[in-house]
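Q: Encoded as structure tokens, here's the structure I'll be asking about.
The values are calculated or read from the model by the stated rules, or taken from the named source; none is laboratory data. Since the model is a prediction, treat every value here as computed from it, not as a measurement. Ideal geometry is used to build each Cβ from the backbone, glycine not excepted, and the neighbour counts take in all protein chains shown. Just so you know, the surface numbers come from the protein's heavy atoms only, side chains and all, with ligands and any DNA or RNA stripped out. Shrake-Rupley method; radii C 1.70, N 1.55, O 1.52, S 1.80 Å.
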Amino acid sequence: MTFELSKAQNIASVLTEALPYIQHFTGKTIVVKYGGNAMIDEELQNSFARDIVLMKLVGMHPIVVHGGGPQIGTLLEKLDIKSHFVDGMRVTDSATMDVVEMVLGGLVNKQIVS
């Protein structure tokens with residue numbers, strides 16, 4: 001792997017800045033929320049995966065919790081099930097819960113794992 005000098009200097013600068021945080025959090029369990037909106041952008045997906053791998057490689061223990069609101073909303077629309085929100089939170093009836101389980105347990109989990 002070869003780097004241009006400016007790219008190598010940038011990487012060294014970022015790692016130098018990150019080192020105190022890496023040292024502080026090494027050996028600790030870190031919970032990371034992977035939001036639904038980040039999950040629909042391929043560049044953000046790849047960046048997220050790289051960050052989680054880096055955390056593991058430097059000795060942190062990342063635990064990923066994820067959203068899936070946009071994916072749930074899309075499937076609800078396709079199934080012609082109305083979404084209801086109160087103070088920004090989805091009201092989940094039994095039909096909506098079935099969709100939530102399908103999306104989060106099936107589509108989203110499999111995508112994250114892959």
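Q: Checking the structure you have, find out if any residue of region 76-91 is assigned to a helix (DSSP H, G or I) and open to solvent by less than 90 Å² (accessible area, probe 1.4 Å).
A: yes
Okay, residues lined up against (1) at positive phi; (2) in a loop (DSSP other than H, G, I, E, B); (3) within 20 Å of the chain's Cα centre (by Cα); (4) surrounded by 11 or more Cβ atoms within 10 Å (Cβ to Cβ):
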residue	(1), (2), (3), (4)
Ala12	no, no, no, yes
Leu19	no, no, no, yes
Arg50	no, no, yes, no
Pro62	no, no, yes, yes
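Q: Just for region 21-48: of the residues that are open to solvent by 50 Å² or more (accessible area, probe 1.4 Å) and among the aliphatic types (A, V, I, L, M), which one is modelled with the highest pLDDT?
A: Looking at residues that are open to solvent by 50 Å² or more (accessible area, probe 1.4 Å) and among the aliphatic types (A, V, I, L, M), I get Val31.
Q: Related question: Provide a single number: the residues in region 92-114 that are surrounded by 13 or more Cβ atoms within 10 Å (Cβ to Cβ) and farther than 30 Å from Gly27 by Cα.
A: Adding up the residues that qualify gives 8.
Q: Pull up region 64-75, narrow it to residues that are aliphatic (A, V, I, L, M) and either more than 14 Å from Gly35 (Cβ to Cβ) or without any contact (Cβ under 8 Å) to a residue 40 or more places away in the chain (or both), then point me to the one that is least open to solvent (accessible area, probe 1.4 Å).
A: Selected residue: Ile72.
Q: Taking the criterion of being closer than 22 Å to Leu107 by Cβ, in contact with a strand residue (DSSP E or B) (Cβ under 8 Å, 6 or more places away or on another chain) and part of a helix (DSSP H, G or I), would at least one residue in region 23-40 satisfy it?
A: Within region 23-40, one or more residues are closer than 22 Å to Leu107 by Cβ, in contact with a strand residue (DSSP E or B) (Cβ under 8 Å, 6 or more places away or on another chain) and part of a helix (DSSP H, G or I).
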